[in-house]
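One structure below.
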Amino acid sequence: MKALLIYPEFPDTFWSFKHALQFIRKKAAFPPLGLLTLGAMLPKEWAIRLIDANVTAVTQRDLEWADVSFVSAMSVQRKSAHQIIARCKEAGGMVVAGGPLFTSEYKEFDNVDHFVLNEAELTLPPFLADMERGSAERVYKTPEFSNIWETPVPMWELADMKRYASMNIQFSRGCPFDCDFCNVTALFGHRSRIKSSGQVIAELDALYDLGWRGQVFFVDDNFIGNKRYLKSRLLPALIKWRKNKKGICFNTEASVNLADDMQLMEMMVRAGFDTVFIGIETPDEGSLAECNKKQNKNRDLIETVKRIQRAGLQVQGGFIVGFDNDTQSIFQRQIDFIQKSGIVTAMVGLLQAPAGTRLYERLKQEGRILGHTSGDNVDGTTNIITRMDLDTLREGYRKIMLHIYSRKHYYRRVKTFLREYKAPKIKIPLNRQSIFAFFRSNIRLGIIGSERLQYWGLLWWTLFRRPGLLPLAVTLAIYGYHFRKVSNSHIL
């Protein structure tokens with residue numbers, strides 16, 4: 001059996017880093033971890049190829065080679081997924097689909113032969129058994145959650161690592177919190193299910209042995225869901241592993257209560273973590289209560305962010321406007337919070353209600369659902385009827401984005417962050433990729449760019465005030481270039 005694993009294309013979004021990747025000659029931020037893991041679950045005698053449409057084109061020859069095509073996607077890839085599935089059917093092959101997009105919207109894809117939904121550890125084996133017997137059903141799904149201690153090491157050898165800016169692995173699934181707009185618990189549950197430290201080290205060894213040296217993203221929706229295991233097993237194992245492994249650093253996602261555990265933050269930094277994405281959402285207590293964001297309530301969120309930065313972890317933040325509780329004052333309050341906190345990478349979006357969330361069910365009962373979410377957090381769209389006048393909401397959102405990603409305010413925010421940030425003692429050596437990015441940024445941003453005054457001002461400021469952070473300052477300048485490109489294309 002010949003199987004093609006196909007990952008649809010991402011549009012130009014906040015997290016695609018499309019414009020930043022040009023500086024380091026990479027095609028995509030991350031490889032498709034789900035498909036690489038799926039590949040390791042398929043029969044060993046199968047011939048398997050990976051086609052990531054973000055890295056290389058899906059050719060007619062590829063489609064005609066395959067007996068079966070496995071397509072996995074998220075909501076933001078919906079358009080590309082439809083196009084790829086249509087091409088697969090035209091080529092006469094069998095199409096099997098899975099992943100978040102299809103788990104929520106499989107009824108929208110009539111031309112898919114089989115759906116393997118929810119977690120493949122549970123639904124793929126019965127599908128493969130039925131296919132072997134020639135009696136495969138159309139839909140395989142389950143309300144159960146898998147034991148990911150049994151999940152195999154992804155088939156990294158299928159991916160062309162040179163095309164990616166970072167690799168990614170998964171330690172846990174699920175989140176103990178219950179934010180009403182988030183579909184993580186709908187997909188993966190409230191209990192944080194974890195891999196053993198041995199599994200994680202085996203995955204890292206596989207990456208390292210294949211020659212990877214660079215960033216590794218722990219894709220967990222809440223990395224600190226099981227703090228006890230982190231502190232007693234995984235982080236000590238990572239600290240030990242990195243002693244003899246050069247050039248590797250980590251980033252991940254976590255809830256804001258990370259700031260309450262100084263020991264945990266110190267161990268993460270020693271283990272090689274330098275960045276965490278945190279869902280801040282809003283500085284408004286009423287809106288936090290509305291969305292059941294309990295972990296963010298009753299705390300000084302700006303001081304919380306700075307505590308994490310001072311521990312050596314850069315905070316990237318998610319923000320939302322459009323809660324029922326929001327008034328027109330929220331737009332300036334969000335701007336003030338983002339600027340004062342020094343959160344350089346601030347993802348701001350309108351409230352959306354993904355299918356399967358408590359928010360979706362509540363608004364559906366109120367007759368306020370307009371369709372599916374776009375899956376793009378910063379495209380200025382929403383799939384709900386908002387309490388605030390939609391034109392007012394969109395104009396306020398536009399105001400936020402134009403402000404925080406204007407050259408003046410963005411570079412000012414970078415300096416605010418660099419003043420607070422405690423650089424980790426573990427240094428990542430410069431490589432040809434980072435040197436190339438530095439010289440290209442000097443030309444594109446420092447010579448021909450409209451931000452050249454701000455760019456050189458930041459570099460000289462950093463050189464005299466925080467010289468050890470000069471590579472990070474250059475990286476953040478490049479990120480700003482990407483964010484301005486994306487926000488301007490969406491809202492202007």
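General remarks:
- Tilt relative to the chain, helix 452-465 - C-alpha long axis, 0 to 90 degrees, to 10: 70 degrees
- Evaluating 6.51 cos²θ - 1.76 cosθ + 1.60 at θ = phi - 60° for every residue in region 472-486, the Karplus couplings come out as 5, 4, 5, 4, 5, 5, 5, 4, x, 4, 5, 4, 5, 4, 5 Hz, glycine and proline recorded as x.
- R0 of 25 Å, Cβ-Cβ distance ARG465-LYS245: FRET efficiency to nearest 0.05: 0.20
- GLU361 paired with THR381, simple spin-label distance in nm, labels 7 Å along Cα-to-beta-carbon: 2.6 nm
- Sequence-separation-based contact order of the chain, relative, with Cα cut under 8 Å and 6+ spacing, percent: 13 percent
- For the chain, Cys with no neighbouring Cys Cβ under 4.7 Å: CYS88, CYS175, CYS249, CYS291
- Secondary structure note: in the chain, about 5% of the DSSP beta bridges are antiparallel.
- Degrees separating the helix 301-310 axis from the principal Cα axis of the chain, which is the longest one: 90 degrees
- Amide H partners (placed H, <5 Å) of PHE277, local residues excluded: THR252, GLU253, ALA254, GLN316
- Angle in degrees between helix 390-404 and the longest Cα principal axis of the chain, rounded to the nearest 10: 60 degrees
- Point-to-point label distance, ARG333-TRP149, nm (Cα→Cβ direction, 7 Å offset): 4.6 nm
- Of all lysines in the structure, the ones whose alpha carbon falls short of 22 Å from that of LYS364, not counting any fewer than 8 places away in one chain, are LYS107, LYS293.
- Between GLN263 and SER406, the simple spin-label model (points 7 angstrom out along Cα→Cβ) gives 4.7 nm.
- Relative contact order for region 133-197: 34 percent, from Cα pairs under 8 Å spaced at least 6 residues apart, divided by residue count.
- Straight-distance candidates among the aspartates and glutamates for linking to LYS27, with alpha-carbon spacing under 16 Å and chain neighbours fewer than 8 residues away dropped: GLU9, ASP12, ASP52, ASP160.
- From the coordinates of this entry, Rg and Dmax of the Cα atoms in Å is computed, and it appears in [x] 25.1, 79; [y] 22.1, 63; [z] 22.4, 70 under the label [z].
- Region 139-269: C-alpha gyration tensor shape, a/c 1.5 cut-off, then a/b vs b/c: oblate
- Net length available on complete extension from THR392 to ARG25 is 128.1 nm, with 0.36 nm assigned per residue and the Cα-Cα distance removed.
- Put in line by how crowded their Cβ is, counting other Cβ atoms within 10 Å and starting with the fewest, THR56, THR462, THR282, THR386 read THR56, THR386, THR462, THR282.
- Residue order, fewest to most beta carbons within 10 Å, for TYR360, TYR7: TYR360, TYR7
- Measuring nothing but how far apart in sequence close Cα pairs (under 8 Å, 6+ apart) lie, relative to its length, region 2-140 scores a relative contact order of 24 percent.
- Relative exposure of THR475, THR252, judged by other C-beta atoms within 10 Å (fewest first): THR475, THR252
- Per-residue ellipticity at 222 nm, computed for the chain from helices alone with -39500 (n - 2.57) per DSSP H run of at least four residues, works out to -12500 deg cm²/dmol.
- Derived scalar couplings ³J(HN,Hα) [region 325-339; Karplus, 6.51 cos²θ - 1.76 cosθ + 1.60; whole Hz; x for Gly, Pro]: 6, 5, 10, 5, 6, 5, 5, 5, 5, 5, 4, 4, 5, 4, 5
- Pairs with C-alpha atoms separated by more than 29 Å, drawn from the list LYS245/LYS340; LYS141/LYS240; LYS227/LYS425, are LYS245/LYS340; LYS141/LYS240.
- Each peptide in 224-233, 68-77 gets a packing score, the mean of other Cβ atoms within 10 Å over its residues, and the list from highest to lowest is 68-77, 224-233.
Values in this text are rule-based calculations from the coordinates and carry no lab data. Small disclaimer: the values here were computed from a predicted structure and weren't measured. Counting neighbours? That spans all protein chains shown, and the Cβs are built from the backbone with ideal geometry, glycine included.
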